[in-house]
Amino acid sequence: MKLIRYGAEGAEKPGMLDNAGLLRDLSGHITDITGDTLDDATLDKLRALDPTELPIVEGEQRIAPCVGNIGKFLCIGLNYSDHAAETGAAIPEHPILFFKANSAIVGAYDDVVMPRGSTKTDWEVELGVVIGKTAKYVSKAEALEHVAGYCIVNDVSERHFQANLTGQWTKGKSCDTFGPTGPWLVTRDEIEDPQNLDMALDVNGKRMQTGNTATMIFTVAEIIEHLSGLMTLHPGDVITTGTPPGVGLGMKPEPVFLKKGDVMDLTIQGLGHQRQKVDQDA
């Protein structure tokens, strides 16, 4: 299934895409798409519905973040071997973990607003993993059973804040609007292998990032095993799993960063498309 949340901020409703790509309303069956509705039993009930019998959502709708009330927004850094190479960083021995503030989360087509004074805002297309079942001390072999589905995340990053403001990467990762998530939550049964998904990001129509999840240093299953040994993962938590090469910071001979008016387009195989226009706080 491809699950969607749509509507104005604070008034989002649940929906799903039918086989023809039409948005269908699910609010007669669930109140929202959150950790409370991502368990296997609830997803099986939704899967059993005939989408053609659900109401069609008419008119143009804002596409909201594909998961509501996200618990933890967990991020893995330097997790693609080719991205680590372009930045000159050593391959990490363990997954590098940082957190993104939940206030950064926006929809896939909402504007990205750079903070006041920012001159080093960068892009990162990433595979997002949505937890559907509580995970604690989970082995790699059983890790994917705890996944509800997958989505696109743009891990927008302010590199000066990240590297030069003293402290953790969180400072450069958590600015408002720096976490576009969606457009769809694609349930795990539709993704045969999360370690073989093509991904790309364009800025103003120019291809910047091209990659495949096959070059992850730590697989989705290994990440879940590692994180669940440190903390309990709850339904509705989102893990974003790192980015392939082509970020602005790694451009040669000089880094390239976003500016007001730029447009980012992101795709991951089977997970849809994002587009954000870049603005900036005065």
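The values are calculated or read from the model by the stated rules, or taken from the named source; none is laboratory data. Keep in mind that this is a model prediction, so the values were computed, not measured. Don't worry about glycine lacking a Cβ; one is built from the backbone with ideal geometry, like all the others, and counts go over all protein chains shown. The protein model used for the area step is the full one, side chains on, heavy atoms only, and it has no ligands, DNA or RNA in it. Shrake-Rupley method; radii C 1.70, N 1.55, O 1.52, S 1.80 Å.
Scanning for something touching a helix residue (DSSP H, G or I) at 6+ places or on another chain (Cβ under 9 Å), at pLDDT 95 or above, surrounded by 15 or more Cβ atoms within 10 Å (Cβ to Cβ) and of a type in the set (Val, Ile, Thr), does the range 74-85 turn up at least one residue? Yes, the conditions are met somewhere in the range 74-85.
The set of residues in the range 146-177 being open to solvent by less than 70 Å² (accessible area, probe 1.4 Å), part of a loop (DSSP other than H, G, I, E, B), in contact with a strand residue (DSSP E or B) (Cβ under 7 Å, 6 or more places away or on another chain) and of a type outside the set (Asp, Glu) consists of Val156, Cys175, Thr177.
Of the residues examined, Thr37 is one that is surrounded by 19 or more Cβ atoms within 10 Å (Cβ to Cβ), polar (S, T, N, Q) and under 19 Å from Asp189 (Cα atoms).
Contact map, the range 100-127: first residue among the small types (Gly, Ala, Ser), second residue outside any loop (DSSP other than H, G, I, E, B), Cβ cut-off under 6 Å, separation 6 or more or different chains; pairs are Ala104/Gly179; Gly107/Ile63; Ala108/Ile63; Ala108/Pro180; Ala108/Gln274; Ser118/Glu158. When Leu227 is tested against (1) under 16 Å from the mean Cα position of the chain (by Cα); (2) closer than 23 Å to Ile131 by Cα, only condition (1) is not met. Taking the criterion of being in contact (Cβ under 8 Å) with a residue 60 or more places away in the chain and farther than 16 Å from Tyr150 by Cα, the residues of the range 206-221 that qualify are Met208, Gln209, Gly211, Thr215, Ile217, Phe218. Answer yes if at least one residue in the range 101-114 is of a type in the set (A, V, I, L, M, F, W, C) and in a loop (DSSP other than H, G, I, E, B), and no otherwise. Yes, the range 101-114 contains a residue that is of a type in the set (A, V, I, L, M, F, W, C) and in a loop (DSSP other than H, G, I, E, B).
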